[in-house]
Amino acid sequence: MIELFKDTLRRIRNHHTRSVIVCLAVILTAVLYSAIFGIASSTLSAYERMMQLLNGNDYHGSIGYAYYKLPCEEILARLNRLPYVKEADAVTPVGMGMMSSEENDLITTSLRILGFSDSRMMSHFFLNMTEGRFPEKEDEVMLSHSFFPDEIIGSRVTIWLMKKMDSGAESYPREFTVTGFYEAEIGSGASELAAVVNGTSNLSEGMMIYLKFRNRLNTTGKIGKAIDSIRGEISGDVPDAIINTAYLTGNLKERMNPQTVFALLFSVIIIFGAASMLIVGVYSAALSQDIKTQGLLWVLGMTEKQRKRAIWAEAGVLLLFSLPVGLLLGYIIGWRMLVPLMDSIGTDRVTGRFDVWVAVFAAVFTALAVLVSAVKPLNRIRKLTPIEAVHGEERHGNQDRKWIRSRKTPGVGGLVSREIVRNPRAHIIPAVSVSLAALLIALTSSAAAVMRENIASDMRMTDYQLYPSMENSLVMIDSGAGLTEEFCEAVKDLDGVENVWPVRVAVDHIPATAAQKALAAEEIEYWRGAGWDNEYFSVMYRELIAAANGTLTCCVLGIPREFFSALSLKNDSYPTADMIPEGDFVIAAGMWRELEDMTGDYFSDGDIVTIGGQAFSVIASKGWSYDVTRRIALHLYMYSSGSQLMILPLDVFETLYPDGYVNTLLVDEPDGGIGLLRDSLVDLCASWGESAFTDAAESADGTEGLQAKIMSRFDDLEEIRGQIDSISAVGYSLAGLLFLIGVLGIVNAALASSSARHREFALLEAVGMTDSQLRLMTFGENVFSVLVSAVVLAISLPLMTRLLSSGFDTVVKLDPVPSIVMLGVQLVLSFGISIIVFQINRQKTLSERVRIDE
Amino acid sequence: MIETKHLTKIYGTDENRLRALDGVDLTITRGEFAAVVGPSGCGKSTLLHLLGGIDTPTEGKVVIDGTDLSTLAPDPLTIFRRRHIGFVFQSFNLVPRLNVWENVTLPLGLDGIKADKAEVEDMLSILGIAEKRFAMPHQLSGGQQQRVAIARALITKPHVVLADEPTGNLDSKTSLDVVLTLCRLNEKLSQTIVMVTHSEELAQMASRRIRMEDGRIVSDSGEGTK
């Protein structure tokens, strides 16, 4: 073994060029695999994390709200004894409570309060304890810092508890001592949780049981079994088994759609292929130089297994040196640079935790590519007899073929075509790798161009938007907090302001039709299935119940008519003039579901709806992006709490709702604006302070913290530009790595071929091939790679253009310039290679090269 | 006519200096079949390579049909070789990925000339390999490969054919067969043939025998020897 190691080190020292190329191949391959796997893994985990946050916890599932004959501790103990259960915890939805503090004499309404059976549940619900301790007694409570910034540990607070979630009227006061504070993770459904009490002592009415299993397999079955194990102790109806949608295989399938899986597999195969060709090329060249030695060793008794072992030992040692470097670079480039860039693009946030499996998979795939490829050339020896190997009488490519019935007089072109036919893979695979790099660059550049174009059109409305905002989201600012007319006038009079438009808001209730009631009932079923009929979503859920019972709560917006052409009503496309009627109409923009999936929900085009006693024809919106409606709607509590958004022309709105207040002020700079007005607006808002708001707003909860917020188109633009730059950086980086591997493959194939064919070149020169013909021949052989790349690009560019067009739902033109540049680079490279091959050939005289084998 | 003047070739420098050819003066007239013999390392192949312009002399010159090879630039020298000199080597004579026909016509192709099919067929028939015209090199025996190489050397109708140990890898019967072929062609086409060989027996079949030792000609059966 030591001898083998020593021999391996000797071989590495003696063939340092080969070793360097192998190491480079290993490093590039590992970096590419790390990047690809890192992006795939982080995208999936980000999605899972997002779903966990949305669901408010990271448990695998839960047993729906139910009453039990046994105390909570006994039920949980029984569940915890099940072999597949890792943790079983219980939650009491204490309900939508009110809270009062003796010290501050403040009453806050509509608070969500939960009882937890164990302090460990805090982390499962994404709640981080910042101060104090978890409540241990029946009269202790932990508070959310964001809801209760003024309370301190030891304060006595009164909570009006509700017996059941839906029994709004049945509340009773109870005093608690504050034991600590927590903060909810950003984006978590639990961020609306105002207080946590000790569940064990408060779980008298009923509870939901949350389960964490030892693994995520067969979650449905396990919850079912868990319910069965306690079925005898349940009072009343058997509760539902609720799976945390973050772990649903269906979601994963949706995420890993066939195109994504294909893209991932394709990337893995192409990287594997490109790296393999490079390594095969390197060891082929080595074998060509070394075949007589190999033959001699064979004659002396070295078996094929021993030959392989020697090569594997060499490749293994090189892997040992270079793989850590590749993985480290992969971690830096892939995980630290590309993954955060990808993260900045999507709405799903990555966890930032390094996934060790990414490194393991990257290492395994890289090692496989190297070890499999390194011994591949040894197959050439297998085709020889030992003595043929000793004499270096290697058979080449088409030697196994029958006769070639050609009577052509071969010139340089004939020699080139025969060489390509002899070993097409050596030319095709690196060329495909290069063309894919070109394609990736073209795709990246085109996608960025499309997105830039989209921004230009999406951002074609106002430059600024002023609206009232409170830090405490539970204060319903849109139930009356409007900007005063005086403040609106002050904005209008500000220097540099070109136009100001008010957007007015009113809340109304309209009767739901039978179809809408049915739709709401359907939606309720869906919410129940998804486990969203819980305490976090209860506000929206309540609206659904109201709709199912026959009343739709509407958040009615009045928008100036000139803005309707800037609303992307149908899948991000803007309406033509004939789509917006002159008379009275209403746009049903749907209720909150997911930001990217806002639809008309209860309404369809052409429906007639009665608002404020007047009938309107409905235009139902379908999907939208960064348009003015979204920007306005996003900060409306009424909207995010499940109300149906209805948009009326402002003049119609003012007739119907004379008391509708200005919720948003849209402001424009002259000529499209470049952001100069922002500072003036900030100063104006600061100087007006709370006096910018109507009396109605002040009475909501004393107006403390109420302020005018400025949303600027320029901030959005900056953010989107940042995202586009991130996409470009990721695309160009991956393309660059792929291009490097491809180029190394092409160079190596050319040099390996030249090294293997030195005698052939000598023969050709001896029979009359001139230097220029020799250069032309090697150039021609390498130009084939360029042709392959050109063909691949010619086929794939239009194909990708079509795919991209359908993906973006717009006409996309793939920029041919990157491909032309890449082909140009490849052509120059081919020329350079032919010069190098020629120079290498010239290192010995023709006479010396003719004699080599004699 | 081939003429060399004080042809010298020195390899290496200082202590590694090796005088492979030491002032050889030689004249071979048109239509002669000269065999160069001598022990290994005596300079036979070096002489042949210098005659064929695939190596450059340290001193002296080679003149073929009035053209001093040392005055030619690389590409004109290659073109001269392609048109006026045919080469036959001991091994690796054929391009592995071309068939017999293509190997034979390769020098013409490199010169941009399309081969006359009848002429090629004739040449293949003369050499007894007409049936193998579409075979690939590895499908031929050693003797057949050498015949293809000879056909290729003759296809451009060169004035001079240089054969560097053409029978080195062949058995005695096949060797005899190949040399007889060369003799026959020499008689029929009146081409000048210079053949390097180890074999005294085969050398006897040539019209002139030149013996070399230590880079010098020590005996020459021909009148042209100086």
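The values are calculated or read from the model by the stated rules, or taken from the named source; none is laboratory data. Just so you know, these numbers come straight off a predicted model, no measurement behind them. With ideal geometry, Cβ positions are generated from the backbone for all residues, glycine too; neighbour counts draw on all protein chains shown. The area values use the complete protein model at the heavy-atom level, side chains included, leaving out ligands, DNA and RNA. Shrake-Rupley method; radii C 1.70, N 1.55, O 1.52, S 1.80 Å.
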Inset, instruction - Tell me, please, whether a residue that is open to solvent by 40 Å² or more (accessible area, probe 1.4 Å), modelled with pLDDT of 70 or more, within 14 Å of chain B (Cβ to nearest Cβ) and part of a loop (DSSP other than H, G, I, E, B) can be found in region A:373-383. - result: yes
Inset, instruction - Count, please, the residues in region A:71-84 that happen to be assigned to a loop (DSSP other than H, G, I, E, B) and open to solvent by 50 Å² or more (accessible area, probe 1.4 Å). - result: 3
Legend entry - Selection status of B:Arg83, of a type in the set (D, E, K, R), in a helix (DSSP H, G or I) and within 12 Å of chain A (Cβ to nearest Cβ): yes
Inset, instruction - State the number of residues belonging to region A:141-191 that are modelled with pLDDT of 70 or more, among the acidic types (Asp, Glu) and under 41 Å from the mean Cα position of the chain (by Cα). - result: 4
Legend entry - Cross-chain or 6+ apart pairs with Cβ under 8 Å, region A:119-137 first and under 20 Å from A:Leu53 (Cβ atoms), then basic (Lys, Arg) and crowded, with 17+ Cβ neighbours inside 10 Å: A:His124/A:Lys212
Legend entry - Breaking point among (1) part of a loop (DSSP other than H, G, I, E, B); (2) within 11 Å of chain B (Cβ to nearest Cβ), for A:Gln843: (2)
Inset, instruction - With the condition kept exactly as written, say whether any residue in region B:67-80 is away from every other protein chain (no Cβ under 11 Å), in a loop (DSSP other than H, G, I, E, B) and open to solvent by 10 Å² or more (accessible area, probe 1.4 Å). - result: yes
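Starting from residues that are among the acidic types (Asp, Glu), surrounded by fewer than 22 Cβ atoms within 10 Å (Cβ to Cβ) and in a helix (DSSP H, G or I), keep the ones in region B:96-123 and report whichever is farthest from the other protein chains (Cβ to nearest Cβ).
B:Asp122
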Inset, instruction - Mind listing whichever residues of region A:233-257 are of a type in the set (Gly, Ala, Ser), at pLDDT 80 or above and surrounded by 14 or more Cβ atoms within 10 Å (Cβ to Cβ)? - result: A:Ala241
Inset, instruction - May I ask you to list the residues in region A:316-351 that are open to solvent by 50 Å² or more (accessible area, probe 1.4 Å), at pLDDT below 85 and either in the same structural domain as A:Leu738 (by TED's automatic domain parsing) or in a helix (DSSP H, G or I) (or both)? - result: A:Tyr331, A:Ile332, A:Arg336, A:Met337, A:Pro340, A:Met342
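Identify, please: which residue in region A:35-54 is open to solvent by 10 Å² or more (accessible area, probe 1.4 Å) and not aliphatic (A, V, I, L, M) and is, among those, farthest from A:Ser373 (Cα to Cα)?
Step one: list which residues in region A:35-54 are open to solvent by 10 Å² or more (accessible area, probe 1.4 Å), which gives A:36-37, A:39-41, A:43-45, A:47-54.
Then drop every residue that is not not aliphatic (A, V, I, L, M), which leaves A:37, A:41, A:43, A:45, A:47-49, A:52.
Working: A:Phe37: 21, A:Ser41: 27, A:Thr43: 31, A:Ser45: 33, A:Tyr47: 36, A:Glu48: 37, A:Arg49: 39, A:Gln52: 43 Å.
Selected residue: A:Gln52.
Which residue out of A:Val475, A:Val500, A:Val507, A:Val491 is outside any helix (DSSP H, G or I), at pLDDT 85 or above and of a type outside the set (D, E, K, R)?
A:Val500
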Legend entry - Residue among A:Gly623, A:Gly606 that is among the small types (Gly, Ala, Ser) and modelled with pLDDT of 80 or more: A:Gly606
Inset, instruction - Give the residues of region A:99-136 that are open to solvent by 70 Å² or more (accessible area, probe 1.4 Å), modelled with pLDDT of 85 or more and not polar (S, T, N, Q), sorted by residue number. - result: A:Arg120, A:Met129, A:Glu131, A:Arg133, A:Glu136
Legend entry - Residue within region A:745-756 that is within 14 Å of chain B (Cβ to nearest Cβ), of a type in the set (Gly, Ala, Ser) and either surrounded by fewer than 24 Cβ atoms within 10 Å (Cβ to Cβ) or under 28 Å from A:Ile27 (Cα atoms) (or both) present: yes
Inset, instruction - At least 1 residues that are basic (Lys, Arg) and farther than 13 Å from B:Ile150 by Cα in each: list the strands (runs of 3 or more DSSP E) lying fully within region B:161-225 that qualify. - result: B:208-213, B:216-220
Inset, instruction - Collect the residues in region A:282-315 that are within 16 Å of A:Ala369 (Cα to Cα) and open to solvent by less than 70 Å² (accessible area, probe 1.4 Å), keeping them in residue-number order. - result: A:Val282, A:Tyr283, A:Ser284, A:Lys308, A:Ile311, A:Ala313, A:Glu314, A:Ala315
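The rows are residues; the columns are (1) modelled with pLDDT of 80 or more; (2) away from chain B (no Cβ under 14 Å); (3) touching a helix residue (DSSP H, G or I) at 6+ places or on another chain (Cβ under 8 Å).
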{"position": "A:Gly731", "(1), (2), (3)": "no, yes, yes"}
{"position": "A:Leu737", "(1), (2), (3)": "no, yes, yes"}
{"position": "A:His758", "(1), (2), (3)": "no, no, yes"}
{"position": "A:Leu764", "(1), (2), (3)": "yes, no, yes"}
{"position": "A:Val767", "(1), (2), (3)": "yes, no, yes"}
{"position": "A:Ser772", "(1), (2), (3)": "yes, no, yes"}
{"position": "A:Ser806", "(1), (2), (3)": "no, yes, no"}
{"position": "A:Pro818", "(1), (2), (3)": "no, yes, yes"}
{"position": "A:Phe838", "(1), (2), (3)": "yes, no, yes"}
Inset, instruction - Of the conditions (1) under 13 Å from the mean Cα position of the chain (by Cα); (2) within 14 Å of chain A (Cβ to nearest Cβ), B:Asp55 clears all except one; give me its number. - result: (1)
